[in-house]
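Okay, structure first, notes after.
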Number of protein chains: 6
Amino acid sequence: MKISARNMIKGKVESVDTGMIMANVKIKIESPDIITAIITKEAAKDLGIKEGEDVVAIVKSTEVMIGKE
Amino acid sequence: MKISARNMIKGKVESVDTGMIMANVKIKIESPDIITAIITKEAAKDLGIKEGEDVVAIVKSTEVMIGKE
Amino acid sequence: MKISARNMIKGKVESVDTGMIMANVKIKIESPDIITAIITKEAAKDLGIKEGEDVVAIVKSTEVMIGKE
Amino acid sequence: MKISARNMIKGKVESVDTGMIMANVKIKIESPDIITAIITKEAAKDLGIKEGEDVVAIVKSTEVMIGKE
Amino acid sequence: MKISARNMIKGKVESVDTGMIMANVKIKIESPDIITAIITKEAAKDLGIKEGEDVVAIVKSTEVMIGKE
Amino acid sequence: MKISARNMIKGKVESVDTGMIMANVKIKIESPDIITAIITKEAAKDLGIKEGEDVVAIVKSTEVMIGKE
């Protein structure tokens with residue numbers, strides 16, 4: 001399935017921290033960047049997200065802001 | 001100012017496509033990735049976003065999804 | 001690819017209205033519901049979204065609000 | 001009050017799972033679809049969301065992505 | 001209808017700028033703050049949003065970030 | 001750093017309620033309004049968010065809906 005979200009960045013799961021409802025997943029992309037994704041605990045379980053796995057961080061482009069020094 | 005958004009990825013503006021209300025900004029991060037940001041035309045103008053400039057793509061972590069093959 | 005977004009609703013494209021930067025896509029799901037998706041013009045083109053096609057409306061669960069009479 | 005969010009889908013609360021800060025609410029719409037909403041615990045309490053109740057899932061159209069096989 | 005979105009800020013429409021697909025609505029809340037809302041053109045029309053009208057800016061709490069000097 | 005998010009509302013932290021993964025931060029802006037922000041626990045800690053502090057609530061304009069009586 002192709003999806004309309006424009007941003008798909010490949011990386012590796014660095015850590016998964018699971019709470020009661022949500023999970024905080026750290027994804028290592030190009031060094032030194034880490035992307036943080038907050039997804040539901042059930043999605044983390046459903047996808048079987050574990051440290052060291054190859055995943056893709058997906059972001060809809062309307063959610064991206066820009067900062068400039 | 002520090003902000004709570006967890007994801008800040010440095011890159012360079014690759015292109016700016018401006019419509020009547022919104023603007024589509026392509027940001028080149030680590031090759032070969034390009035991040036697409038949809039921001040208001042007024043924000044693009046206010047920040048003076050132009051090709052070749054150093055910017056930061058900012059994404060709140062609750063907006064990041066995860067995909068897995 | 002499996003994705004973490006919890007909401008995937010099958011439907012048919014009812015109409016595509018394309019602006020300079022964004023596109024408004026109407027997706028018919030179970031009668032009488034229509035889902036409106038605002039995606040980039042480039043995503044609409046890249047996926048080749050046309051009236052009558054089978055698509056899936058995808059929504060991250062942190063984006064769903066609840067209303068109650 | 002009318003609101004600008006384009007997507008309002010009627011359903012029934014199927015389950016409410018409450019954590020410390022967030023709550024995961026499953027809403028049954030047309031069979032076999034279930035919509036997952038992540039809202040604050042306080043909102044779930046404030047609206048008195050309970051299994052079997054009629055609710056409306058509300059989604060701003062800029063939050064809807066499209067997938068296509 | 002009560003909705004789960006935690007943030008409802010009363011204000012007056014200051015301006016409406018309509019594009020092909022989206023509209024940029026400025027809402028004056030307590031002086032000197034202006035809130036900018038990007039909604040679909042169809043929603044702006046459907047609600048009959050016009051300068052000087054009383055409206056409510058609605059924001060889901062998962063969409064609010066925090067900045068600190 | 002300037003950021004593209006159009007909405008920055010100054011306020012004071014009224015309370016911080018921390019869960020396992022997320023934190024619920026109440027920000028008092030002009031009386032009687034309170035803004036609720038759901039951010040990660042790590043962001044709340046990283047910014048050192050505490051009651052009584054001056055902060056800025058930041059919202060991307062594509063996340064603002066409009067309600068009208």
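Screening D:I3 with (1) buried (at least 20 other Cβ atoms within 10 Å of the Cβ); (2) free of Cβ contacts under 8 Å to residues at least 40 places away in the same chain; (3) under 26 Å from E:V56 (Cα atoms) gives one miss only, at (2). Anything in region C:8-39 that is in contact with a helix residue (DSSP H, G or I) (Cβ under 6 Å, 6 or more places away or on another chain) and of a type in the set (S, T, N, Q)? List them, or say none. Across region C:8-39, the qualifying residues are C:T18, C:T36.
Would you check if E:N7 is out of contact with any Phe, Trp or Tyr (no Cβ under 6 Å at 6 or more places or on another chain) and within 29 Å of C:M20 (Cβ to Cβ)?
No: the conditions fail for E:N7.
Only one residue in F:E63, F:E14 is farther than 27 Å from B:I38 by Cβ and among the charged types (D, E, K, R). Which one? Exactly one of F:E63, F:E14 is farther than 27 Å from B:I38 by Cβ and among the charged types (D, E, K, R), namely F:E14. Does A:K60 meet the test of being within 14 Å of the chain's Cα centre (by Cα), of a type in the set (K, R) and at pLDDT 95 or above? For A:K60, the condition - within 14 Å of the chain's Cα centre (by Cα), of a type in the set (K, R) and at pLDDT 95 or above - is met. Among what's in region B:44-63 and is touching a residue at least 24 places away in the same chain (Cβ under 8 Å) and surrounded by fewer than 16 Cβ atoms within 10 Å (Cβ to Cβ), pick the residue that is nearest to A:I9 (Cα to Cα). Out of the qualifying residues, it is B:D54. Scanning region C:6-37 for residues that are aliphatic (A, V, I, L, M) and either surrounded by fewer than 18 Cβ atoms within 10 Å (Cβ to Cβ) or more than 24 Å from A:I9 (Cβ to Cβ) (or both) yields C:M8, C:I9, C:V13, C:V16, C:M20, C:V25, C:I27, C:I29, C:I34, C:I35.
Just to be sure, is B:T40 of a type outside the set (K, R), within 10 Å of chain C (Cβ to nearest Cβ) and crowded, with 22+ Cβ neighbours inside 10 Å? Answer is no for this residue.
Table: residues versus (1) at the interface with another protein chain (Cβ under 7 Å from one of its Cβ atoms); (2) not in a strand (DSSP E or B).
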| site | (1), (2) |
| --- | --- |
| D:A5 | yes, yes |
| D:G11 | no, no |
| D:E14 | no, no |
| D:M20 | yes, yes |
| D:K26 | no, no |
| D:E30 | yes, yes |
| D:T36 | yes, no |
| D:K45 | no, yes |
| D:G48 | no, yes |
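Would you mind stating whether F:K68 is away from chain A (no Cβ under 12 Å), without any contact (Cβ under 8 Å) to a residue 12 or more places away in the chain and in contact with a strand residue (DSSP E or B) (Cβ under 9 Å, 6 or more places away or on another chain)? When the stated conditions are applied, F:K68 passes them.
Apart from one condition, C:I58 fits all of (1) at the interface with another protein chain (Cβ under 7 Å from one of its Cβ atoms); (2) touching a strand residue (DSSP E or B) at 6+ places or on another chain (Cβ under 7 Å); (3) in a loop (DSSP other than H, G, I, E, B); the exception is (3).
The values are calculated or read from the model by the stated rules, or taken from the named source; none is laboratory data. Keep in mind the model is a prediction, meaning the values are calculated, not measured. Glycine gets a Cβ as well: all are built from the backbone with ideal geometry, and neighbour counts include every protein chain shown.
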